[in-house]
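Down below is the structure, laid out as structure tokens.
The values are calculated or read from the model by the stated rules, or taken from the named source; none is laboratory data. Everything numeric here is computed off the predicted structure, so don't read it as measured data. Quick reminder, even Gly has a Cβ in these numbers, built from the backbone with ideal geometry, and neighbours come from all protein chains shown. All accessible areas refer to the heavy atoms of the entire protein, side chains included, with ligands and DNA or RNA removed. Shrake-Rupley method; radii C 1.70, N 1.55, O 1.52, S 1.80 Å.
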Amino acid sequence: MCGIVGYIGKKQASPILLSGLERLEYRGYDSAGLAVKNGSTETEIVKAKGRLKALVEKTDGGATLKGTCGIGHTRWATHGEPSETNAHPHCSDDRSVIAVHNGIIENYLPLKEKLEKEGYTFYSQTDTEVAVKLIDHYYKKEKNGVEALARFMLRVRGSYAIAVLFADRPDEIFVARKDSPMILGVGEEESYLASDVPAILPYTRSVYYIDNMEIARLTGGGVTFYNIDKEELQKEPVRIAWNAQAAEKGGFEHFMMKEIHEQPQAVEDTLRAAVAGGRIRLPESFNKERVQKLESAYIVACGSAYHVGVAAQYAIEDLAKLPVRVELASEFRYRNPLLSENTLVIVVSQSGETADSLAALRLAKQAGAQTLAIVNVVGSSIAREADEVFYTHAGPEIAVATTKAYSAQLVAAYLLALELGRLRERVAEEEYTRLLDELFTLPQKLRRVLEDKERLQWFAAKYAGAKDIFFIGRGLDYACALEGSLKTKEISYIHSEAYAAGELKHGTISLIEEGTLVVSILTQERLFEKTVSNMTEVKSRGAYLFGVTTYGNYALEDIADFTVYIPRTDERFAVSLAIVPLQLTAYYVSVARGLDVDKPRNLAKSVTVE
């Protein structure tokens with residue numbers, strides 16, 4: 001959720017920090033703040049409630065905060081209301097220790113009581129202030145930043161990515177990490193830190209990933225790493241292939257529309273990275289012997305990634321003949337799933353930092369299951385902790401409502417299903433080649449779907465005032481309906497629900513009244529007539545029907561009031577094409593309602609707390 005940035009070098013820090021925080025706005029926040037050292041032992045802290053714009057105005061774009069070393073933060077409230085007092089950075093009583101923090105300190109209350117007995121006072125409602133004063137407590141004993149952070153890490157329970165300034169160390173920033181994202185970048189005589197790559201891309205592509213329970217000390221142009229035992233570690237930097245423009249709007253009005261149009265490339269890049277010589281390259285351990293021993297699979301995810309799982313379930317069971325259960329990570333982790341060494345647990349997450357998904361992964365590993373992560377971020381927590389990783393290649397996604405990351409995850413799931421089918425000898429060589437070739441047609445077919453957006457814009461303007469929208473479909477079309485409904489509610493704030501079409505008569509049809517918009521997805525030929533029957537049922541009760549189907553199904557126009565067509569593909573892969581009109585419709589409805597498309601209210605991009 002929250003965003004962290006930091007800089008130390010020879011340039012003025014404040015403009016760099018504000019620029020970095022702007023690139024992290026997609027993570028969601030309710031306040032922002034900076035702490036900048038002015039070259040002496042004094043550090044100035046400035047905070048503002050609300051959008052980053054308020055902090056920019058308060059500091060005159062950073063001009064009023066002089067200094068070449070500083071940290072910044074955008075806060076998503078977890079402890080205490082959104083306010084300037086609760087905003088980060090937080091400081092010790094004498095302002096000798098200042099820090100910003102992402103995550104949650106679970107045992108902050110007993111720690112706070114102990115610190116109060118030591119004479120500390122507290123001005124905020126946050127767990128972060130407790131963390132800062134605990135670090136101060138340890139630092140005053142030995143004046144050693146690494147020692148203080150190591151003792152802090154041993155004492156606290158919870159998650160954190162924390163960046164710390166010590167007043168008597170004007171040319172250093174210390175950081176520590178457990179379960180919350182943090183990257184470190186280096187340039188010529190300058191160093192950076194951030195909670196995500198886009199914040200520092202304009203300045204460097206050479207980054208380090210700090211692992212769980214590690215500490216780092218940043219100086220101008222250098223980073224030194226330590227483990228929890230304060231032993232120095234050696235790490236190699238990673239070169240980030242993304243460029244700074246990949247995190248900009250590229251001429252589109254919103255990041256979301258830009259990212260919708262980037263889906264063909266994201267799908268193509270994911271395909272090309274995973275296929276060579278006519279074969280899908282899964283991690284080496286996915287050999288025939290191991291895969292044939294698999295007895296079942298779980299797909300565990302949250303939000304849109306969960307909807308990828310619903311679609312993947314159909315593909316894996318159909319192609320690999322492997323029983324699959326799709327689980328919400330937040331539910332999976334709080335029960336006792338039946339796992340064994342012959343169970344494959346697939347964890348899907350764009351950021352690789354989703355808290356519930358990470359916890360579910362750890363549960364699966366403890367139970368002895370085989371684990372595979374489908375993630376978009378190299379070096380993320382889930383990527384590092386899973387037994388094997390299947391990387392998607394969507395690039396940075398800025399809009400809160402996912403589009404291209406979802407599409408990249410879908411094609412990764414198709415590839416996984418197809419290769420599992422081959423290894424389990426359920427897919428013949430000829431069929432394998434045919435389906436693989438069909439997957440490579442998806443990028444161009446996606447581009448064709450995007451050409452129809454003007455009609456969708458007209459339709460969205462007409463129905464922007466809707467109060468309720470229902471999405472229906474059967475089989476894989478139901479999986480698509482789930483994601484279409486989520487996109488609508490995320491960015492338009494219209495109540496929408498997705499239903500398996502056959503379930504309408506079990507209560508939901510009572511909600512249909514004159515003018516209710518019902519969106520029907522019909523890409524599965526053997527289920528087409530049954531879904532049409534459901535459309536007839538709701539139309540007779542006054543519903544307005546929006547249909548999404550494949551070219552050739554023109555009879556749908558006899559019942560639907562508005563119809564969108566997508567190119568034909570293998571039905572297992574149709575979700576990749578059918579979702580795009582639903583994404584575009586949600587986008588245009590949001591724009592027509594005058595809403596903040598990229599940063600919808602109450603939502604954050606990376607959900608790194610429970």
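Details
- Condition met for ALA360 (within 19 Å of ARG426 (Cβ to Cβ) and either in contact with a helix residue (DSSP H, G or I) (Cβ under 7 Å, 6 or more places away or on another chain) or not in a helix (DSSP H, G or I) (or both)): no
- Considering ARG568, ARG541, ARG601, ARG572, the condition of being assigned to a loop (DSSP other than H, G, I, E, B) and at pLDDT 95 or above is satisfied by ARG568 alone.
- Just one of the listed residues (ASP196, ASP269) is buried (at least 22 other Cβ atoms within 10 Å of the Cβ) and of a type in the set (D, E, K, R), namely ASP196.
- Restricting SER351, SER330 to residues that are open to solvent by 30 Å² or more (accessible area, probe 1.4 Å), of a type outside the set (Asp, Glu) and in contact (Cβ under 8 Å) with a residue 24 or more places away in the chain narrows the list to SER330.
- Odd one out for GLY395 among (1) surrounded by fewer than 24 Cβ atoms within 10 Å (Cβ to Cβ); (2) at negative phi: (2)
- Residues in the stretch 272-330 that are polar (S, T, N, Q), farther than 16 Å from CYS480 by Cβ and in a helix (DSSP H, G or I): GLN292, SER330.
- Qualifying residue in the stretch 511-521 (condition: touching a residue at least 24 places away in the same chain (Cβ under 8 Å), open to solvent by 10 Å² or more (accessible area, probe 1.4 Å) and closer than 16 Å to TYR478 by Cβ): no
- Considering residues of the stretch 446-492 that are under 26 Å from the mean Cα position of the chain (by Cα) and open to solvent by 60 Å² or more (accessible area, probe 1.4 Å) only, the residue nearest to SER407 (Cα to Cα): ARG447
- Sub-8 Å Cβ pairs linking a first residue in the stretch 124-151 that is closer than 14 Å to TYR108 by Cβ to a second residue that is open to solvent by 10 Å² or more (accessible area, probe 1.4 Å) and of a type in the set (Lys, Arg), at least 6 apart or interchain, are VAL130/LYS112; LEU134/ARG155, ordered by first then second residue.
- Residue count, the stretch 294-311 (criterion: open to solvent by 20 Å² or more (accessible area, probe 1.4 Å), closer than 22 Å to GLU497 by Cα and in contact with a Ser or Thr (Cβ under 6 Å, 6 or more places away or on another chain)): 1
- Test: residue in the stretch 162-174 that is in contact with a Phe, Trp or Tyr (Cβ under 6 Å, 6 or more places away or on another chain), outside any helix (DSSP H, G or I) and in contact (Cβ under 8 Å) with a residue 24 or more places away in the chain: yes
Table: residues versus (1) within 22 Å of the chain's Cα centre (by Cα); (2) among the β-branched types (Val, Ile, Thr); (3) open to solvent by 20 Å² or more (accessible area, probe 1.4 Å).
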| position | (1), (2), (3) |
| --- | --- |
| ALA148 | no, no, no |
| ARG155 | no, no, yes |
| PHE166 | no, no, no |
| GLU172 | no, no, yes |
| ARG177 | yes, no, no |
| SER180 | yes, no, no |
| GLU188 | no, no, yes |
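- Taking residues in the stretch 553-565 that are closer than 13 Å to SER520 by Cα, and partners anywhere that are aromatic (Phe, Trp, Tyr) and open to solvent by less than 20 Å² (accessible area, probe 1.4 Å), the pairs with Cβ atoms closer than 8 Å and at least 6 places apart or on different chains are ALA560/PHE546; ASP561/PHE546; PHE562/PHE459; PHE562/PHE546; THR563/PHE546; VAL564/PHE546.
- Residue that is nearest to SER520 (Cα to Cα) [pool: residues in the stretch 566-586 that are open to solvent by 10 Å² or more (accessible area, probe 1.4 Å) and touching a residue at least 60 places away in the same chain (Cβ under 8 Å)]: THR585
- Lone qualifier among VAL132, VAL36 - being part of a strand (DSSP E or B), at pLDDT 95 or above, open to solvent by less than 10 Å² (accessible area, probe 1.4 Å) and touching a Cys at 6+ places or on another chain (Cβ under 8 Å): VAL36
- Answer residue from the stretch 111-130, given it is in contact with a strand residue (DSSP E or B) (Cβ under 8 Å, 6 or more places away or on another chain) and of a type in the set (A, V, I, L, M) and is nearest to GLY80 (Cα to Cα) among those: VAL130
- Test: residue in the stretch 500-509 that is polar (S, T, N, Q) and open to solvent by 60 Å² or more (accessible area, probe 1.4 Å): no
- Remark: pairs (first residue in the stretch 527-550, farther than 16 Å from TYR478 by Cβ; second residue charged (D, E, K, R); Cβ separation under 6 Å; 6+ apart in sequence or on different chains) = GLY542/GLU513; GLY542/GLU514; TYR544/ASP561; LEU545/LYS539; LEU545/ASP561; THR550/ARG568.
- Pairing residues of the stretch 3-22 that are touching a residue at least 24 places away in the same chain (Cβ under 8 Å) with residues that are open to solvent by 10 Å² or more (accessible area, probe 1.4 Å) and among the basic types (Lys, Arg), at Cβ distances under 8 Å and at least 6 apart in sequence or on separate chains, gives GLN12/LYS66; SER14/LYS66.
- Here is the figure for the stretch 58-95: residues that are closer than 24 Å to LYS10 by Cα and open to solvent by 30 Å² or more (accessible area, probe 1.4 Å) total 8.
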